[in-house]
1. Only residues in segment 73-84 that are assigned to a loop (DSSP other than H, G, I, E, B) count as the first member; pair them with residues that are open to solvent by 40 Å² or more (accessible area, probe 1.4 Å) and of a type in the set (A, V, I, L, M, F, W, C), Cβ under 9 angstrom, at least 6 apart or cross-chain, and list the lot.
2. Please work out which one of (1) touching a helix residue (DSSP H, G or I) at 6+ places or on another chain (Cβ under 8 Å); (2) on the phi > 0 side of the Ramachandran plot; (3) open to solvent by 80 Å² or more (accessible area, probe 1.4 Å) is the condition Ser188 fails and give its number.
3. Tell me yes or no: at least one residue of segment 47-54 is within 40 Å of the chain's Cα centre (by Cα), charged (D, E, K, R) and either modelled with pLDDT under 90 or open to solvent by 100 Å² or more (accessible area, probe 1.4 Å) (or both).
4. Would you please name the residue that is modelled with the lowest pLDDT, looking only at residues in segment 195-213 that are within 15 Å of the chain's Cα centre (by Cα) and open to solvent by 50 Å² or more (accessible area, probe 1.4 Å)?
5. Looking at segment 65-93 only, could you name the residues that are farther than 15 Å from Val130 by Cα and open to solvent by 70 Å² or more (accessible area, probe 1.4 Å)?
6. Taking segment 160-218, which residues are among the β-branched types (Val, Ile, Thr) and in contact (Cβ under 8 Å) with a residue 60 or more places away in the chain?
7. Do the conditions hold for Lys70, that is, is it in a helix (DSSP H, G or I) and without any contact (Cβ under 8 Å) to a residue 60 or more places away in the chain?
Amino acid sequence: MLSRFSHAARPKEEGEKPFWISYADLMTAMMMLFLVVMTFSLVIITNPGPELEHLKEIQQLCDDIKTAAKGVQGVTVDCINNRIDFGAQAQFGNNDSKLPETAKQALRQFVPIVLNVARKDRGKLLKRVVVEGYASPTGSYLLNLQLSMRRAESVLCSLFETPKINEAPLLDDDKRMIRNLFLVGGYSFNNGQGKTEAEMRRVEFKLDFLGFGEQAPVVLSGTASNFGQCQ
């Protein structure tokens, strides 16, 4: 005798659920991810790390020099590349390392501005000021290397010269700061892209700042005032 079994209705399988429910869950998850990313970005912007704060302080220091130098004719302070250009007044003749008198006066007016900013900085950011001399491609590499070095040296020599009647002399403390803070370098005819040969025969200042966590170099101590003379 055969017996009949009644089969209860089976529930629908999970795969039969409407598709839009899963799509809504996906959109909710994406929205939550977006909110997390935005929150993290806001935290970074409103609470910058120490490295970013260090870069902002360097930018502010260069901007201070740029603002203070507005009254010095022909001087351009580039705070993107941290370079200072003296324009046509600091260009040299061919095979010549004698700095024009107008450039000497501009240097003696501008350098105290850098020294005043360096005093306020107290060695926290400004590492050194590199006086870079350049030459045109005319001539050999080694000849231009020596010539560009002499051009850079002529800048420091002009700072220690006896000033003109209408110029304020540098104090011994200023000269000691120059001795400790300024370096000279010759770069032959490099870094002349897009410049005429006359523009290549020039001097520039490069502001060298301390890296994050870098310690300031040890400077000379003492009060010696025998700075000598250039030959």
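1. Gly74/Ala88
2. That leaves (3) as the condition not met.
3. yes
4. Within segment 195-213, the match that is modelled with the lowest pLDDT is Phe212.
5. Result: Lys66, Thr67, Lys70, Gln73, Thr76, Ile80, Ala88.
6. Passing the criteria: Ile178, Val203.
7. yes
Rundown of residues vs (1) part of a helix (DSSP H, G or I); (2) open to solvent by less than 10 Å² (accessible area, probe 1.4 Å); (3) touching a strand residue (DSSP E or B) at 6+ places or on another chain (Cβ under 6 Å); (4) farther than 21 Å from Lys175 by Cβ, yes/no style:
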position	(1), (2), (3), (4)
Leu107	yes, yes, no, no
Phe110	yes, yes, no, no
Val114	yes, yes, no, no
Lys120	yes, no, no, no
Lys124	no, no, no, yes
Val130	no, no, yes, no
Thr138	no, no, no, yes
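The values are calculated or read from the model by the stated rules, or taken from the named source; none is laboratory data. Being a predicted model, the structure only gives us computed values, none of them experimental. All Cβ positions, even for glycine, are placed from backbone atoms using ideal geometry, and neighbour counts span all protein chains on display. With ligands, DNA and RNA removed, areas are computed over all heavy atoms of the protein, side chains included. Shrake-Rupley method; radii C 1.70, N 1.55, O 1.52, S 1.80 Å.
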